[in-house]
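Only one structure is covered here, and it is reproduced in the block below.
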Amino acid sequence: MGIQGLLPNVDCVSFKENISAFKGKRVAIDIYGWLHRSVVNCAESIILGKPTKVHINYCIERIKALRAKGITPICIFDGAVLPMKKVTEEERRK
């Protein structure tokens with residue numbers, strides 16, 4: 001998932017910082033990444049077709065935590081197909 005090789009290419013402009021340093025700022029969140037990470041907590045229910053909101057609640061709680069720190073989350077979902085990801089998308093379809 002994501003853009004292959006992205007992290008090494010942005011490493012030179014990346015830095016580690018305490019979350020409180022982003023107070024008053026807006027941050028973009030890859031919500032599909034959070035959903036993907038959180039479904040492990042309700043995988044059995046999803047596989048069995050049982051109603052669950054565990055994965056949704058996970059995202060909501062994280063958003064609330066950011067807002068409690070004075071950070072404005074901007075939630076990003078996949079948009080239109082990107083030309084640079086055409087080959088990757090075709091491989092995923094196969």
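The values are calculated or read from the model by the stated rules, or taken from the named source; none is laboratory data. Predicted, not measured: the structure shown is a model, and the values here were computed from it. Ideal geometry is used to build each Cβ from the backbone, glycine not excepted, and the neighbour counts take in all protein chains shown. Just the protein is used for accessible areas: all its heavy atoms, side chains included, with ligands, DNA and RNA removed. Shrake-Rupley method; radii C 1.70, N 1.55, O 1.52, S 1.80 Å.
Each stretch of four or more DSSP H residues adds -39500 (n - 2.57); spread over every residue of the chain, this sum gives -12000 deg cm²/dmol at 222 nm. Extending 7 Å from Cα along the Cβ direction at N57 and again at F22 yields two label points whose distance is 2.4 nm. Residue-wise HN-Hα couplings along segment 38-48, as the Karplus relation 6.51 cos²θ - 1.76 cosθ + 1.60 with θ = phi - 60° gives them from phi, are 7, 5, 4, 6, 9, 4, 4, 4, 5, 5, 7 Hz; Gly and Pro carry x.
Once all protein chains are placed together, K64 keeps about 120 Å² accessible to a 1.4 angstrom probe.
Each peptide in 42-52, 14-24 gets a packing score, the mean of other Cβ atoms within 10 Å over its residues, and the list from highest to lowest is 42-52, 14-24.
With 18 Å as the limit, the listed pairs K25/K69; K16/K85; K53/K94 have K16/K85; K53/K94 beyond it between alpha carbons.
Rolling a 1.4 angstrom probe over the chain with all protein chains present gives an accessible area of which 57% lies on carbon and sulfur atoms.
Given the choices (i) -0.65, -0.91; (ii) -0.94, -1.14; (iii) -0.59, -0.86, log10 I(q)/I(0) by the Debye sum over Cα atoms at q = 0.16, 0.19 Å⁻¹ derived from the coordinates of this structure is entry (ii).
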